[in-house]
Amino acid sequence: MAINGQVYKPGRASPTMMGTVEGLSDEGLGILREGNRTILVPHTAPGDVVEVRRWRRKKKKLIATDFKLIEPSPIRVEPECPYFGRCGGCLLQHLPYEEQLRFKASKLSKYLGLNVNVIPSPKIYGHRNRIDIVISTTGIGFRRYGTWWEAVDIAECPVFGGTSGKVLKALREFIEDEGLSLYDMRKNRGFLRYVVIREGKFTGELMVNLVTKEGTLPESFPDYFPFATSLYWSVNRSDSDVSYGDVERFWGSPFIRERLEDVVYLIHPNSFFQTNSHQAVNLLREVEKLVEGERVLDLYSGVGTFGVYLAKRGFAVEGVEINPFAVEMANKNAELNGVSAQFRVGSDRDVGDLSKYDTVIVDPPRAGLHPKLIRKILKDEPERLIYVSCNPKTLSENLYKLKEKYRVEHAVGLDMFPHTPHVEAVVGLSRFDV
Ligand SMILES: C[S@@+](CC[C@H](N)C(=O)[O-])C[C@H]1O[C@@H](n2cnc3c(N)ncnc32)[C@H](O)[C@@H]1O
């Protein structure tokens, strides 16, 4: 049983507070109450008895930064990952999976005012097809929970799977043999910054993207990764802490492929792809079930995940997306799969006539739909809307406005991100008069 002690030091030292965690907040933190004070305690489970010694204020909430588990809750399970409780990647591995699903279903139901089921992820370890590993003077791994300046050194990430261990071992050998400098996150100094590992879970293809500051990469780099399908060196010239950069060189294939049912998608270091391939298949099926008519608009289309899949099933698909590189990838994906879906660069603020589509799919970023788009939908009144959302809060705010002309006919959750508090939702809406 992993029992957390101190998470990290900063925060106000205060008289200790002790009690029983009564539930989880939307962010997946244990809720501890005493009088009218509420403290949120990371990595705890309902039923845990905890003693909190320090906390800090974040966005009007009190978050425990130093606490002791006095008596573990009987519902706890053994996390599969030895770094759980320190690593900032996962928050809920100590909860039984059914409990994680119940938490997500109740969060979604609360925001939507409906009873919503959550479809479990087909795999809860080895499911992630992408991890962004920090290469820092404090460690090679993920950021320590609650910090930006420190990384927890890891040998492998069980949420990604065994290949991560192989890549990290080769990376450490390369660093040691060549005497390369790691990044100091506090001082913004050093050469190596990130390694991003991506894997086609249904194709077995592997991409390794090493992100550095400007400098010289030893020629021996590819010798350490003969097992990678695609090996990249990218340069982030800025101080901004991002895990991508300008492509400097690549070895092997420029892309890796992922297959979702009968559709093949190309993945490039600088393009987004749904991070849980097994569950992405369920996401596509849920969306397909809700499509009506023939003409479909895939808005916020990214690399064409929905559009290409639906075009393969005979729908006439157009896609709109603001990122030109994603549009290029979407059109490549359409071509690769022999479908005639058309993707173009465009903004949600200027989407043209929506009344010509039978179904409009929207999959916006966390901020939700732009108010101009909501007004446009209400004006053009396409018969059917499918709203795919990764943020229940903005989803519920947007649905409230759309309810002026639309009724929710179907809503389901999907667990794309096991062990995290996040939940995806697919909502089907029809115009009132249809
Ligand atoms: C949640 S992702 C959806 C990706 C896609 N549906 C998929 O599954 O691969 C949101 C997408 O919206 C795009 N986006 C962000 N702001 C936008 C805007 N103002 N207009 C159009 N697209 C936008 C992003 O570039 C991103 O590709």
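Nothing in this text is a laboratory measurement; each read-out follows from the coordinates by a stated rule. Please read these numbers as outputs of a predicted model, since none were measured by experiment. Reconstructed Cβ throughout: ideal geometry from the backbone, glycine too, with neighbour counts over all protein chains shown.
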Checklist entry - Cross-link partners among aspartates and glutamates for LYS58, C-alpha distance below 18 Å, same-chain residues fewer than 8 apart left out? => result ASP26, GLU27, ASP66
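At a 10 angstrom cut-off on C-beta neighbours, averaged per residue, how do the peptides 386-398, 114-126 rank from highest to lowest?
Going from most to least packed, we get 386-398, 114-126.
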Checklist entry - Which value in nm describes the separation of the simple spin-label points at SER253 and ASP153, placed 7 Å from the Cα toward the beta carbon? => result 3.4
Checklist entry - Where a Cα-Cα gap under 30 Å defines reach, which lysines qualify for LYS169, not counting those fewer than 8 residues away within the same chain? => result LYS123, LYS187, LYS201, LYS213
Checklist entry - Do you know the relative contact order of the chain, to the nearest whole percent, from alpha carbon pairs under 8 angstrom that are 6+ apart? => result 11
Next on the checklist: Could you tell me the center-to-center distance, by alpha carbons, between region 341-398 and region 276-338 in angstrom?
Outcome noted: 14
Checklist outcome for this item: The answer for the net charge of residues other than GLU178 whose Cβ lies under 14 angstrom from its Cβ, with Lys and Arg +1 and Asp and Glu -1, is -4
Checklist entry - What are the ³J(HN,Hα) values, in whole Hz, obtained from phi via the Karplus relation 6.51 cos²θ - 1.76 cosθ + 1.60 with θ = phi - 60°, for each residue of region 140-146 in sequence order, with x given for Gly and Pro? => result 10, x, 9, 4, 4, 3, x
Next on the checklist: For a quick check of your reading of the filter: which GluC sites (Glu not before Pro) in region 201-245 sit in a DSSP loop and have no more than 16 other Cβ atoms within 10 Å?
Outcome noted: GLU214, GLU219
Checklist outcome for this item: With a ≥ b ≥ c from the Cα gyration tensor eigenvalues, square-rooted, and the rule rounded for a/c under 1.5, otherwise prolate when a/b > b/c and oblate otherwise, region 270-431 is rounded
Checklist outcome for this item: If every Lys and Arg gets +1 and every Asp and Glu gets -1 at its Cβ, then about the Cα centre the chain yields a dipole, in debye to the nearest 20, of 1640
Checklist entry - Hey, could you pull the Cα Rg and Dmax for region 200-319, both in Å? => result 17.4, 56
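Counting only other residues whose beta carbon sits under 14 Å from that of HIS127, what net charge do I get with K and R as +1, D and E as -1?
0
State to the nearest 20 debye the size of the charge dipole of region 130-258 about its Cα centre, where the only charges are +1 on K and R beta carbons and -1 on D and E beta carbons.
So the magnitude is around 360 debye.
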Checklist entry - Among TYR300, THR16, GLY113, whose Cα sits farthest toward the positive end of the charge dipole of the chain (+1 at Cβ of Lys/Arg, -1 at Cβ of Asp/Glu, about the Cα centre)? => result THR16
Checklist entry - Where a ≥ b ≥ c are the square roots of the eigenvalues of the C-alpha gyration tensor, would you call region 321-389 rounded, which needs a/c under 1.5, or, failing that, prolate if a/b is larger than b/c, or oblate? => result prolate
Checklist entry - Roughly how many Å is it from the Cα centre of region 166-230 to that of region 63-77, as a whole number? => result 36
Checklist entry - Toward the positive end of the charge dipole of the chain, about the Cα centre and with charges on Cβ (Lys, Arg +1; Asp, Glu -1), which of SER277, ILE131, PRO226 goes farthest? => result ILE131
Next on the checklist: Please state the shape class of the chain: rounded when a/c is under 1.5, otherwise prolate if a/b exceeds b/c and oblate if not, all from the C-alpha gyration tensor.
Outcome noted: oblate
Next on the checklist: How charged is the neighbourhood of VAL264? Take every other residue with its Cβ under 9 Å from the Cβ of VAL264, and add Lys/Arg as +1 and Asp/Glu as -1.
Outcome noted: 0
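Quick check on region 130-258: of the DSSP beta bridges with both residues there, what percent are antiparallel, nearest 5%?
If I count the DSSP bridges inside region 130-258, around 75 percent turn out antiparallel.
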Next on the checklist: Expected output is a single nm value to one decimal: the length gained when fully extending between SER181 and ARG237, i.e. 0.36 nm times separation in residues minus the C-alpha distance. What is it?
Outcome noted: 18.6 nm
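As a check on your grasp of the helix formula, calculate [θ] at 222 nm for the chain: sum -39500 (n - 2.57) over DSSP H runs of n ≥ 4, divide by the residue count, round to the nearest 500. Write down the numbers at each step before the final one.
Values: 7 runs with 88 residues, N = 434.
The helix contribution divided over the chain gives -6500 deg cm²/dmol.
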Checklist entry - By average Cβ neighbour count within 10 Å, what is the ranking of 162-169, 324-331, 29-36 from highest down? => result 324-331, 162-169, 29-36
